[in-house]
Amino acid sequence: MKLPVSTEWVLHCATSLAQLEPGATASAGQLAGYFDVPQAYLAKQLQPLVKAGVLAATTGPRGGFRLARPVADITLLDIVEAVDGAASPYECREIRQRGRGALPAEDCRAACPIAAKMATAHTAWRTSLAAVTLADLLTELPEWAPERTRRLLVGAG
């Protein structure tokens, strides 16, 4: 499975926002500068997180993005599915019923074993991401990381 580069961006942005003081925000420009990514493109990638209720956005001079829910209530799956969707990356097109090796339809009533294994793998992947929250990630960061993030991202600390 290959995810777009923007998935990495939004995962890191959400983790960075999780390190801010409660109620603090960071603008798309601040986040883009922090990670050296294009601001306009990043801002577009953050919008689905707002729509999904992962982030909240405010406007004005002190506006920006913040987490919309507690860190313990936001999973990696919430973030990934907000920007990449929930559909499986594998789509069975029943090629076993095409070409010279085509099987008759009556031999294909059961799910294709390959499609079944791919569905199992997708479920395992989703389950794994759903088991990790932003709170879990924060416990794995070095002790000095949140203060550094606050200082460099929004100038606080």
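The values are calculated or read from the model by the stated rules, or taken from the named source; none is laboratory data. It should be emphasised that the depicted structure is a prediction, and the values quoted were computed from it without experimental measurement. All Cβ positions, glycine included, derive from the backbone under ideal geometry; neighbour counts span all protein chains shown. Ligands, DNA and RNA are excluded from the accessible area calculation, which covers all protein heavy atoms including side chains. Shrake-Rupley method; radii C 1.70, N 1.55, O 1.52, S 1.80 Å.
Annotations for the structure displayed:
- Some residue of the stretch 78-94 being touching a helix residue (DSSP H, G or I) at 6+ places or on another chain (Cβ under 6 Å), open to solvent by 50 Å² or more (accessible area, probe 1.4 Å) and at pLDDT 95 or above: no
- Top-ranked residue in the stretch 117-134 [being within 15 Å of the chain's Cα centre (by Cα) and small (Gly, Ala, Ser); ranked as farthest from residue 54 (Cα to Cα)]: 128
- Filtering the stretch 60-69 for residues that are open to solvent by 60 Å² or more (accessible area, probe 1.4 Å), out of contact with any Pro (no Cβ under 7 Å at 6 or more places or on another chain), within 25 Å of residue 15 (Cβ to Cβ) and in contact (Cβ under 8 Å) with a residue 40 or more places away in the chain leaves a non-empty set.
- Qualifying position, being closer than 25 Å to residue 28 by Cα, without any contact (Cβ under 8 Å) to a residue 40 or more places away in the chain, in contact with a strand residue (DSSP E or B) (Cβ under 9 Å, 6 or more places away or on another chain) and not basic (Lys, Arg), among 55, 42, 49, 134: 49
- When residue 154 is tested against (1) in contact with a strand residue (DSSP E or B) (Cβ under 8 Å, 6 or more places away or on another chain); (2) closer than 22 Å to residue 27 by Cα; (3) at pLDDT 95 or above; (4) not charged (D, E, K, R), just one condition goes unmet, and that condition is (3).
- Filter result for residue 23 (over 19 Å from the mean Cα position of the chain (by Cα) and either on the phi > 0 side of the Ramachandran plot or crowded, with 17+ Cβ neighbours inside 10 Å (or both)): yes
- The condition of being more than 27 Å from residue 152 (Cβ to Cβ), of a type in the set (Gly, Ala, Ser) and surrounded by fewer than 19 Cβ atoms within 10 Å (Cβ to Cβ) holds for only one of 43, 57, 102, 72, that being 102.
- Residue 5 being closer than 20 Å to residue 125 by Cα and crowded, with 18+ Cβ neighbours inside 10 Å: no
- Elements of the type helices (runs of 4 or more DSSP H) sitting completely within the stretch 112-157 and holding at least 2 residues that are closer than 18 Å to residue 65 by Cα and open to solvent by 70 Å² or more (accessible area, probe 1.4 Å): these cover 145-154.
- Helices (runs of 4 or more DSSP H) completely within the stretch 1-73 that count 1 or more residues being at pLDDT 95 or above, within 21 Å of residue 145 (Cα to Cα) and touching a helix residue (DSSP H, G or I) at 6+ places or on another chain (Cβ under 9 Å): 5-18, 28-35
- Unmet criterion (only one of (1) under 28 Å from residue 127 (Cβ atoms); (2) open to solvent by 60 Å² or more (accessible area, probe 1.4 Å)) for residue 10: (2)
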